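Undergrad: My questions all concern the structure below.
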Amino acid sequence: MSATGPTDALRASFNPLIRPYLLLSVGLTLAVTIIGIPLAIAWFCGVGQWWSRHYFDKLECELGPVALRFRKGILVQVEKTIPLENIQDVTFIEGPLLRHFDLSILKFETAGQSAGQANDMRLVGVVDAHAFRASILARREALKHQKHAPAPADGSDQLAVLRAILARLDDIAVQLRRAP
């Protein structure tokens, strides 16, 4: 992850061990069924290695000042932008297979999210996922405070607005005197 300031974009980097994790998790899922065993053999013999390498190369995640942008996919590329104000929580998930590869999953819960969309909002293998999660939540809170904070009062701007209102009121008064 790298950025120079709190409002700059923060790019997540992904652990290269995500490739063997993807290879194993998809391959084992295929091997569980009798029909999937021939597919699992093809998967482990080369297709899965090609797919996991290219999938890893296409992964991108960037935390901007107001949104989180995530991109993944090989043949069908999915790009998702989640406004920070819609993020309710970022869940950190680790299981035995993930821990073996020193990986974790960040799952995003958003306002108005339906059950079918939840799987698309997962980041697998972010390097230093705890810090990235903390950055997301900190930016979300800063954005909330920024929206609720009163605008700074600049005396010259207020004076100019008041003078414009006074001039407009004078014009209305003149027009009312002319009216029959």
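Undergrad: Mind pulling the angle between the C-alpha long axis of helix 155-178 and the longest principal axis of the chain? Nearest 10 degrees, somewhere in 0 to 90.
TA: 50 degrees
Undergrad: Something else now. Give a residue-ordered list of calculated ³J(HN,Hα) values for segment 65-74 (Karplus: 6.51 cos²θ - 1.76 cosθ + 1.60, θ = phi - 60°; whole Hz; x for Gly, Pro).
TA: x, 10, 8, 10, 10, 10, 9, 8, x, 10
Undergrad: Given 10 °C and 1.306 mPa s, how large is the Stokes-Einstein diffusion coefficient of the chain in µm²/s, with Rh as the Kirkwood radius over Cα pairs?
TA: Numbers: Rh = 20.1 Å.
The diffusion coefficient I find is 79 µm²/s.
Undergrad: Nearest 10 degrees is fine. How inclined is helix 129-148 to the longest principal axis of the chain, computing both from alpha carbons?
TA: Rounded to the nearest ten degrees, it is 20.
Undergrad: Shifting gears a bit: List the residues whose amide H sits under 5 Å from the amide H of Leu10, counting only those 5 or more places along or on another chain, with H placed 1.01 Å from N in the peptide plane.
TA: Leu63, Gly64
Undergrad: Per the Cauchy relation, a quarter of the hull surface: what is the mean projected area of the convex hull of the alpha carbons in segment 29-70, in nm²? Numbers along the way, then the final one.
TA: On the way: hull surface 15.7 nm².
Spelled out: convex hull of the Cα atoms, projected over all directions, averaged, 3.9 nm².
No value in this document is a laboratory result; all are computed from the given coordinates. Everything numeric in this text was worked out from a predicted model, so none of it was measured.
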